[in-house]
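> One structure is given below, represented as structure tokens, and several questions about it will come after.
Laboratory data are not the source of any read-out in this text; all were calculated from the coordinates shown. Values in this document were obtained by computation on a predicted structure and should not be read as measured data. No Cβ is skipped: glycine too gets one built from the backbone with ideal geometry, and neighbour counts run over all protein chains shown.
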Amino acid sequence: MPELPEVETVRRGLVPAMEGARFDAVVAHRGDLRWPLPKDFAKRLQGQTVTGLGRRAKYLLADLSSGDVLLMHLGMSGSFRVMRDGKEAAPGAYYHERSNFGAHDHVVFRMSSGATVAFNDPRRFGCMKLIPRSKLDDEPLLRALGPEPLGNEFDAAMLARACQGKRTSVKAALLDQRIVAGLGNIYVCEALHRAHISPKRMASALAKRTGAPQPRTVALVDAIRAVLNDAIAAGGSSLRDHRQTSGELGMFQHTFRVYDREGERCPTRGCGGTIRRIVQTGRSTFYCPVCQK
């Protein structure tokens, strides 16, 4: 499933096509994705202007002139592509042709910017909802989410407070969307390695008895921010389904330090350890047992 950097990459690709533009036409080729589309979905969107295009965790949020917010989630295999004059934007050097678009183009937006935006989702685990802006804080998909890891609210003190007394691993705590929003398995593994923290360490070890952050917690927050920013700059990670709106692949997978690197030498200078894989909470964890303590 796309994680925060992939969703942010998609958001940035959609901004030139959608932000400030009007929905001239909306075509829903089927009435459901993961869940049924809202009643009168196309009618409620048509003629509305996208006043802003944001992101909350792994959700895209398009503010509309009607006062509604169009919430969009990519699911497991969803992707957006932007076309002008019936053609996609010129791809970069790393591009994989996507096939059978028509069969899985479930929702198509024709924008006043001249762009056509198609949502393609072979597995149909994505979703779209229309929510009044005034009720967004009560939306079940959003209301329990923790702070954004790239936002001002997320810092070492906040993370220490959230993890104080928690009898779970630090890996599991970081994947808990109630503690911090948008982090997924790949970037938690990578951040823990950069911070030299074992994924098996108890989450409570991030806080002192007073609740203040440990030095390792400061390093972890810095590592989380750094790995996310690096991944966004690289266009995200393309392991299976992720494509940018141009069809171009993300490139961050080529710089993974530990994720999917089982049996390889640890890249930490002077370490000499070998990357191992274990399973935690049903997910693969990759780490170095030598330099991650």
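> Rounded to two decimals, what is the ratio between the C-alpha radius of gyration of region 4-138 and 2.2 N^0.38 Å?
0.99
> Could you pull out every whole DSSP H run in the chain that spans at least 18 Å of Cα extent along its own axis and averages 0.5 or higher on the Kyte-Doolittle scale?
For the chain, where a helix must reach 18 Å along its axis and average at least 0.5, the hits are 215-233.
> Mind pulling up the Rg/Rh value for region 142-210? Radius of gyration and Kirkwood radius, both on Cα.
Working: Rg = 11.3 Å, Rh = 12.1 Å.
Ratio of gyration radius to Kirkwood radius for region 142-210: 0.93.
> Kindly give Rg over Rh for the chain, based on alpha-carbon atoms, with the Kirkwood expression for the hydrodynamic radius.
Over the Cα atoms of the chain, Rg/Rh equals 1.00.
> Follow-up. Between GLU264 and residues 5 or more places away or on another chain, which pairs have amide H atoms under 5 Å apart, with H built 1.01 Å from N, and which residues are they?
Distant-sequence amide H within range of GLU264: ILE275.
> Continuing with this model, one more query. Which FRET efficiency value, to the nearest 0.05, is calculated for ARG277 and HIS29 with the Förster distance at 41 angstrom and r the Cβ-Cβ distance?
Numbers: r = 40 Å, r/R0 = 0.99.
Given R0 = 41 Å and the Cβ-Cβ separation, E is 0.50.
> While we're looking at this one, here's another question. Over every pair of different alpha-carbon atoms in region 156-287, take the mean of 1/r and invert it; report that Kirkwood radius in Å. Working shown, then result.
Working: mean 1/r = 0.0651 Å⁻¹.
After inverting the pairwise mean of 1/r, the radius is 15.4 Å.
> Also, I was wondering about something else. Can you give me the relative contact order of region 4-138 as a percent, contacts being Cα pairs under 8 Å and 6 or more apart? Walk me through the numbers on the way to the answer.
Values: 264 pairs, mean separation 43.7, N = 135.
Once divided by the residue count of region 4-138, the mean separation gives 32 percent.
> Right, something else. Which Cα, out of PRO215, ALA195, ILE275, lies furthest along the positive dipole direction of region 156-287 (beta carbon charges, K/R +1, D/E -1)?
PRO215
> In whole Å, what is the distance between the alpha-carbon centres of region 126-188 and region 24-91?
One Cα centre to the other: 23 Å.
> Considering only Cα-Cα distances, which of the following residue pairs are longer than 32 Å: LYS58/LYS200; LYS43/LYS171; LYS58/LYS293; LYS58/LYS166?
From the list (LYS58/LYS200; LYS43/LYS171; LYS58/LYS293; LYS58/LYS166), the Cα-Cα distance tops 32 Å for LYS43/LYS171.
> In terms of Cα to Cα distance under 20 Å, which aspartates and glutamates are near enough to LYS135, apart from those fewer than 8 places away along the same chain?
ASP40, ASP63, ASP68, GLU148
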